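Here is the structure we will look at.
The values are calculated or read from the model by the stated rules, or taken from the named source; none is laboratory data. Computed from a prediction, not measured in an experiment: that's the story for all the values here. No Cβ is skipped: glycine too gets one built from the backbone with ideal geometry, and neighbour counts run over all protein chains shown. Remember, those area values only see protein heavy atoms, side chains included, never the ligands or the DNA or RNA. Shrake-Rupley method; radii C 1.70, N 1.55, O 1.52, S 1.80 Å.
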Amino acid sequence: MQKFDNYPFDHLLYHPNKMCPTLNIRKLPRSKYDRHTGRQVPRFDHFCGWLNVSIGEENYRYFMLFLIAHTFMTLYGTIMMILLLLEEAAVEVGQLQATFLQRMIGVVTVLFSNHKLTFATVFLFMTGMSITLVMFLSFHLYIISRGMTTNEYFKWKAWNQWYEKAIQTYEQGIKDGKHSTSNGQRHRGGFNAISDMSDVTCTGATDIPMNQEVLSKEGDETDEEENHETTVINPGPKRTNVYDKGVFSNFREVLFPLSLRKEKIPQNMKTK
């Protein structure tokens, strides 16, 4: 476990002294329990149904290589199909030197021609896959550049929604003449109520369930606060991602995981 203990706790998405309730082991920063494999995955990104494996710290680079290779393969296939389709369209209209408009008419004819149905089906499939993979690759390149995993992307999305709502409530309270009160614990606790048990797969994250035990505890505390109708809670400044070290360092972290760097492992093995 010490091999993968390379990140600090950000006290927002990840908190110290947390135990995995399923495996009863200490939860490392950026790790997550994956119910598909029954493992606590370091720097968990998502569970890939195509590969039937959890994507984490040490295999994320291979997943990206897999994704890049298939994206270029489908793009190449799509381009070849387009060129063949244009040639077929020119033959269909009877002119190899046909104008663009004539070729487009021929394309429509080819696509809806019964004897070209297989050709049209492959073309549409390759085009659809190309668009899907380009979007998927673009998403992963984006979150890598921002120092996030897929799991953290959806957590940040949930936190930003919570924060925007909290800040709107605060600003409206100030306009209504209420007094501002600072409550850092409440600021953190509002997001602590979000459970870490949601599934994160290639298609996204399931709806993040709320931890009812935490909510009930917070409800007991906040009921007393809400009785004071003259005060409004300041949610504090907007938090930033402590794992974002810059575009170059973020990509280097994926290509050369911290757990595999020779200069990092001995340091982690010394003491906790």
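Pairs meeting the criteria (first residue in region 238-251 and more than 14 Å from TYR7 (Cα to Cα), second residue acidic (Asp, Glu), beta carbons under 9 Å, at least 6 apart or on different chains) are ARG239/ASP10. Considering only residues in region 1-52 that are touching a strand residue (DSSP E or B) at 6+ places or on another chain (Cβ under 9 Å) and of a type in the set (A, V, I, L, M), the one that is nearest to ILE143 (Cα to Cα) turns out to be VAL41.
Could you please tell me which pairs satisfy a Cβ distance under 8 Å, a separation of 6+ or placement on different chains, a first residue in region 165-182 that is within 18 Å of LYS238 (Cβ to Cβ), and a second residue that is open to solvent by less than 80 Å² (accessible area, probe 1.4 Å) and part of a loop (DSSP other than H, G, I, E, B)? From residues that are within 18 Å of LYS238 (Cβ to Cβ), the pairs are ALA166/PRO235; ILE167/PRO235; TYR170/PRO235; SER182/GLY236. Scanning region 1-26 for residues that are without any contact (Cβ under 8 Å) to a residue 24 or more places away in the chain and under 20 Å from the mean Cα position of the chain (by Cα), we see that the one that is least open to solvent (accessible area, probe 1.4 Å) is TYR14. Whenever a residue of region 136-163 is open to solvent by less than 50 Å² (accessible area, probe 1.4 Å), its partners that are among the hydroxyl-bearing types (Ser, Thr, Tyr) and not in a helix (DSSP H, G or I), lying with C-beta atoms within less than 7 angstrom and at least six residues away or across chains, give the pairs ILE143/THR149; GLY147/TYR243.
Look through region 14-49, keep the residues that are of a type in the set (Phe, Trp, Tyr) and out of contact with any helix residue (DSSP H, G or I) (no Cβ under 6 Å at 6 or more places or on another chain), and return whichever of them is nearest to GLY147 (Cα to Cα).
TYR14
Taking the numbered list (1) surrounded by 18 or more Cβ atoms within 10 Å (Cβ to Cβ); (2) of a type outside the set (Ser, Thr, Tyr); (3) at pLDDT below 90 in turn, VAL91 passes all entries but (1). How many residues, within region 243-257, are farther than 21 Å from TRP156 by Cβ and aliphatic (A, V, I, L, M)? The qualifying residues number 1.
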